[in-house]
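This report concerns only the one structure given below.
The values are calculated or read from the model by the stated rules, or taken from the named source; none is laboratory data. Quantities reported herein were computed from a predicted structural model and do not represent experimental measurements. Note that each Cβ is placed from the backbone with ideal geometry, even for glycine, and that neighbours are counted across all protein chains shown. Ligands, DNA and RNA are excluded from the accessible area calculation, which covers all protein heavy atoms including side chains. Shrake-Rupley method; radii C 1.70, N 1.55, O 1.52, S 1.80 Å.
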Amino acid sequence: MFNYRNLLFVPVALSFTAWTPTSPKGILERISSDKACIKVAEKGLRPLAKQQTERFLGKVDKDTANCRGGDKAMKNRDSVWIDWANYWGTGDVNSKAEGMEAITELGNHLKPNGRGIDGTLVDLEYQRMELLRFNLYDNKTFENYVKGDGKTPGPVLKTWEAMRLPATHPQFQQVTSDNGVQVCKGDLIRYRNLTGICNDIYNPAMGSTNQLFARNVRFESTFPDLGKNDLVLNRHANRLSLLKPDPQIISRKLFTRAQEKPEACNFGQGLPDNSKNAQCDYKKAPFFNVLAAYWIQFMTHDWFYHLREGQNTEAKMPVGCVSQLVNNQEQPVTADQAAKLGCRPNDKVDVAFVAQPEPAPTFEHEGKTYLSRAHRTTENNVTAWWDASQLYGFDELSLKRVKRDPNDSAKLLMIPRGKHTGAGEYLGYLPVFDSCENSKADCVADPINSAWKGQEAAAFADNWTIGLSFYHNLFVREHNLFVDAFRAKAAATPQADSGLRNPAKPDQVIVYQNVSNEELFQIARLVIAAEIAKIHTTEWTTQLLYDEPLYLGMNANWNGLLEKDNPVSNVLEKIVVNRLAKSPVETKANQFYSVFASGAGIFGLGSHRYQDHPGFLGLLPDKKDIWDLRNPEHINGGINHFGSPFNFPEEFTTVYRLHPLLPDLLEFRELQNPNLISKKIPVISTFRGKATQAMTDGGLGSWALSMGRQRLGLLTLQNHAQFLQNLDLPRLQTETNKIDIAALDLIRDRERGVPRFNEFRRQYGLTQLTSFDDFIDQRLEKGSAEQKEQTRMIGLLREVYGQHKCDASKVITDAQLNADGSAINDCLGHPDGTLIDNIEDVDTVVGWLSEFTRPHGFAISETQFHVFILNASRRLFSDRFFTSSFRPEFYSILGHQWVMNNGPGPKQMEPGLYNGHKVEVSPLKRIMLRTMPELSGQLADVRNIFDPWARDRGEYYSLKWKPKTAAVSDESFQ
Ligand code: HEM
């Protein structure tokens, strides 16, 4: 119970004592917070929303905020941004309630930091569950989702006719039909297939190449420019079109990086001979490096691709630089103004592909009319699975670019290149595409777009950069090392059981010496894909979202089934037991119950089965595992699509338009002299074939060091690379042959009908903004330089997007309601007829770049983050090879252990603690040490490969830019 005696001496002391956790003011805060916790406990947890309009929105009531974050959380409750960012323990050391920890009078696990972090995990789980429930809109199967199939409600459907292979499909004959459901068997289910078919054995086409992108937003909210319904018309009046507001004007006013010495930057072209006197200023993220920027480009090439072989359609269209608002009036851009701004009215670009341009069909259900798909749809031209298809191919054509080693077809071909002495150099580099110039008559040229000439051979070859060259070389080296390790095992114990089984002959043990080259190649692919997924989940994302709750959350996604007493499991248990288990609807008719009752963790779900717990998908270490390859339910039963076949939504591409991450100049360092920047190489000189040349010149090890030490660009306004605004694209054959990629990012989203920012947020269950001023971080000191800068940007947003006189009679959305239950109208809470900001028109990319208010350590914005929570979870939940088929029968015993332990042998631990945790040597660090042993010195005290290597990580999630002792002389710290 509380001790109210403390209250007695507070008022006297308050007047002269500064706030500390143990000062009278601090004590008062603690008592008030403890009391609030008791009220919260009495109220219990909130229910999961049953309708979109009842969603959580990331905002909690007063008592909950007080309990989890005291005064700070209370103070910021009225902002539009999520509350947990203000809870105790969710930031750096200053966010901890250290003094209060000692004096709080609630039970041990209910001390302030624990409440803050637990509370965050609760909020995050609500968000995730509601996203899974309200944000899945598949363009082929939505009618099934709404209506069900007569027996089963839509959100629990597991198979769809639309996910069958058509009779024209080359593998159609190989899938058998069982009671109208197609079933994949035998060789089709052993490995990841080239085009991604048969990952789900009952939905062969799901996630395969050329399936439609999905949506995360209601179809009715897509393509606002088309003005297809009253809500959209009310929301944007007639202010929007493909080129309105003008995308090049937006780019030049809101995206251009300011330069202190423009001549030393030279529009991102740098100075002759890669002189280190070049200078292109950019806003830098202190805790994330250039390796992280290229990592995500490497990932997106695996997940989604709208183009085909680097091409869009043949048709060309203008791209703006023609009109702008001046004093809220639209005016033409004069030649002088264009020159001053740097935009180009004569640029043109190729029109993007559309799969279904014709009007969307509708259907009726319970008296309501629904669109059965978005107004237009597009295809994902690679597999949506996390299957390393950028390395191994996604169709017959790209497969021809994957070069096997002619001397060992289990391996990929690597050859010597460049003159470097590192210990990993013997592992070689990817060969360059062969265009058969100067070759023998029987030479067969590699099938490539002419722009790719001179690049290293890779299945996904578009937009090749030094970073892609880096990761492709790295993972091909790793593939070959796994093959070597497997071979070594086979040589030592040829008759031993490899763990592998052929689903066509499940009883036959496969001993090491009988594993064929093709089998070994495919197992290595499974291992590489799983390593990549693990790095992304536990290493890249925990640095992208550098704070304690996300560290716990992301590790739970991966390891959650294995860890006892995991904090995320505890939170889930509370929600599941308190809420879901009491509802017969949830337990019987919804997958939520079984999935979330299995504990935290998606990786490995359903890869163990138990006689007396047939529906349980988690791990019960004390029970006998009866998982059986002869049982298709065991092979496939760990996956969860939540009623909607898996593919990425269009909105996912939007939040991955991360071009500001790129600097203009790469600071090159030699391994022999790591503190010295020897050259500044323009990124544009490391694009396409020039990437390959730069890799040959610099070598893998020195490029690792250079990109590992350099900070990447912050995702914020006025921080796009200059070279990207002026990119030469000769394929366009236009007057300028140039394009502004930053402007193009906006145009592509408009072509694909992504809702504008405010409706985008409402659709994802986030609070809307009512003016541009909502972007300003309320937590900043009034009059601080940072606050002034944000206010300046807001002025620019207002100038570019304008304002209008609002009309309260116009309802603009049905995704959410006002707090009093009334419909949201054009005035967004302002009095009828006032001049309000055109916040509804803001392009989603511009919106998330303007989010200055972010949780601690977030390199991305809260809006982007919510798109990730949903889709990053689904990417694991839906994939059999990460869930019920993560088994030695598919991966081999060696492969299974390799993924679990980050390489051969037992797990390796780092010395000491890191942010309070004992950690493994990270998966990417292990790979780098294997493939480039020459990095061992540089990596010795690196804990996360994506944190700048020379940065002293300090204590508890510090973001300070401070050198490690050995890097004090590194000029990037001066
Ligand atoms: C030198 C570096 C880069 C260059 C030159 C570049 C250039 C391009 C180009 C030309 C497009 C195609 C535009 C179109 O016609 O639709 C594109 C698309 C895209 N880029 Fe980049 N990019 C670079 C780095 C990155 C990075 C680091 C990311 C980080 C995620 C990224 C994310 C994307 C995304 C998401 C798309 C859309 C792809 C799609 O529509 O399927 N890019 N980029």
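Annotation: of all residues in the stretch 531-561 being among the charged types (D, E, K, R) and in a helix (DSSP H, G or I), the one that is nearest to V942 (Cα to Cα) is E539.
Considering (1) more than 10 Å from the ligand (Cβ to nearest atom); (2) open to solvent by less than 10 Å² (accessible area, probe 1.4 Å); (3) not hydroxyl-bearing (S, T, Y), the lone condition that Q693 does not fulfil carries the number (2). How many residues are of a type outside the set (A, V, I, L, M, F, W, C) and in contact with an Asp or Glu (Cβ under 8 Å, 6 or more places away or on another chain) if we restrict to the stretch 935-951? The qualifying residues number 2. In the stretch 457-491, the residue that is nearest to the ligand (Cβ to nearest atom) out of those that are within 21 Å of R404 (Cβ to Cβ) and β-branched (V, I, T) is V476.
Selection of the stretch 185-204 for residues being closer than 15 Å to K158 by Cα and either open to solvent by less than 10 Å² (accessible area, probe 1.4 Å) or aliphatic (A, V, I, L, M) (or both) yields C198, N199, D200, I201, N203, P204.
Listed by position, the strands (runs of 3 or more DSSP E) contained in the stretch 318-360 that have at least 2 residues being out of contact with any Gly (no Cβ under 6 Å at 6 or more places or on another chain) and within 16 Å of the ligand (Cβ to nearest atom) are 348-350. When the helices (runs of 4 or more DSSP H) confined to the stretch 681-785 are screened for residues that are farther than 25 Å from I249 by Cα, those reaching at least 1 such residues are found at 689-698, 700-709, 757-763.
Within the set A315, A292, A264, the sole residue that is hydrophobic (A, V, I, L, M, F, W, C) and closer than 18 Å to H720 by Cβ turns out to be A292.
Cβ separations smaller than 7 Å between residues 6+ apart or across chains give the following pairs from the stretch 790-803 residues that are in contact (Cβ under 8 Å) with a residue 40 or more places away in the chain to residues that are charged (D, E, K, R) and not in a helix (DSSP H, G or I): Q790/D777; Q803/D837. When T770 is tested against (1) within 16 Å of the ligand (Cβ to nearest atom); (2) under 25 Å from K75 (Cβ atoms), only condition (1) is not met. Of the set (1) buried (at least 21 other Cβ atoms within 10 Å of the Cβ); (2) modelled with pLDDT under 95, all apply to A459 but (2).
Can you pull out the residues in the stretch 716-727 that are near the ligand (Cβ under 10 Å from one of its atoms) and farther than 15 Å from C343 by Cβ? Across the stretch 716-727, the qualifying residues are A721, F723.
Scanning the stretch 388-420 for residues that are part of a loop (DSSP other than H, G, I, E, B), open to solvent by 60 Å² or more (accessible area, probe 1.4 Å) and in contact (Cβ under 8 Å) with a residue 60 or more places away in the chain gives no hits. From the list E330, E358, E379, E366, the lone residue that is open to solvent by 50 Å² or more (accessible area, probe 1.4 Å), of a type outside the set (S, T, N, Q) and closer than 30 Å to Q522 by Cα is E379. Does R688 qualify as being surrounded by fewer than 24 Cβ atoms within 10 Å (Cβ to Cβ), of a type outside the set (S, T, N, Q) and within 12 Å of the ligand (Cβ to nearest atom)? Answer is yes for this residue. Annotation: E667 fulfils all but one of (1) part of a strand (DSSP E or B); (2) within 15 Å of the ligand (Cβ to nearest atom); the unmet one is (2). Restricting T53, T90 to those that are in contact with an Asp or Glu (Cβ under 7 Å, 6 or more places away or on another chain), hydroxyl-bearing (S, T, Y) and either assigned to a helix (DSSP H, G or I) or at pLDDT 85 or above (or both) reduces the list to T90. If we scan the stretch 731-749, do we find a residue that is away from the ligand (no atom under 16 Å from the Cβ) and either of a type in the set (K, R) or open to solvent by less than 10 Å² (accessible area, probe 1.4 Å) (or both)? No, the conditions are met nowhere in the stretch 731-749.
Taking the stretch 589-610 as the range and being modelled with pLDDT of 90 or more and over 29 Å from the mean Cα position of the chain (by Cα) as the test, the residues that pass are R609, Y610. Scanning the stretch 621-661 for residues that are within 16 Å of the ligand (Cβ to nearest atom) and in a loop (DSSP other than H, G, I, E, B) yields a count of 5.
Among the residues here, A451 qualifies as within 33 Å of the chain's Cα centre (by Cα) and modelled with pLDDT under 95. Taking first residues from the stretch 434-454 that are part of a helix (DSSP H, G or I) and partners that are modelled with pLDDT under 90 and not hydroxyl-bearing (S, T, Y), the Cβ contacts under 6 Å between residues at least 6 apart in sequence or on separate chains come to A451/R731. The set of residues in the stretch 794-819 that are of a type in the set (D, E) and part of a loop (DSSP other than H, G, I, E, B) comprises D807, D814. When the helices (runs of 4 or more DSSP H) confined to the stretch 235-312 are screened for residues that are away from the ligand (no atom under 15 Å from the Cβ), surrounded by fewer than 24 Cβ atoms within 10 Å (Cβ to Cβ) and not aromatic (F, W, Y), those reaching at least 2 such residues are found at 262-265.
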